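The values are calculated or read from the model by the stated rules, or taken from the named source; none is laboratory data. Bear in mind the structure is a predicted one, so any value in this text is a computation, not a measurement. Positions of Cβ are generated from backbone atoms using ideal geometry, with glycine treated the same way; all protein chains shown enter the neighbour counts. Please note that ligands, DNA and RNA were not included when accessible areas were found on the heavy atoms of the full protein model with its side chains. Shrake-Rupley method; radii C 1.70, N 1.55, O 1.52, S 1.80 Å.
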Amino acid sequence: MLYYTKPGDIVFDGFAGTGMTGVAAEKCEDEKVVKELLGDNFAKEKVGKRHAVLVDISPTATFIAQNHSKKVKLPETYNTL
């Protein structure tokens, strides 16, 4: 994904399955992960979110893909524990 896309691109996965395309699109935001993957070819302009559109004919696969890619925000009360 880092090789063929740039930050802000829309990535369509018509056979989403388990939603790993969505997970990969989210990981492109993390500079540490991108540095690890690209090694000597690291370039700061490669870091940034890709927008994943995940679709599958199976309702179960769509559900799994959505929930693997969804960021959950916890209420502030959980952050104080």
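Inside region 10-46, residues that are assigned to a helix (DSSP H, G or I) and exposed (fewer than 13 other Cβ atoms within 10 Å of the Cβ) make up a count of 7.
Evaluated against (1) among the β-branched types (Val, Ile, Thr); (2) touching a Cys at 6+ places or on another chain (Cβ under 7 Å); (3) open to solvent by 80 Å² or more (accessible area, probe 1.4 Å), ILE57 falls short on exactly one condition, (2).
A single entry from PHE63, PHE42 fulfils the requirement of being under 15 Å from TYR4 (Cα atoms), of a type in the set (A, V, I, L, M, F, W, C) and free of Cβ contacts under 8 Å to residues at least 60 places away in the same chain: PHE42. All of VAL47, VAL11, VAL53, VAL23 fail the test of being within 24 Å of ASN67 (Cβ to Cβ) and at pLDDT 90 or above, apart from VAL11. In this entry, LYS49 passes the filter for residues that are surrounded by 14 or more Cβ atoms within 10 Å (Cβ to Cβ) and in a loop (DSSP other than H, G, I, E, B).
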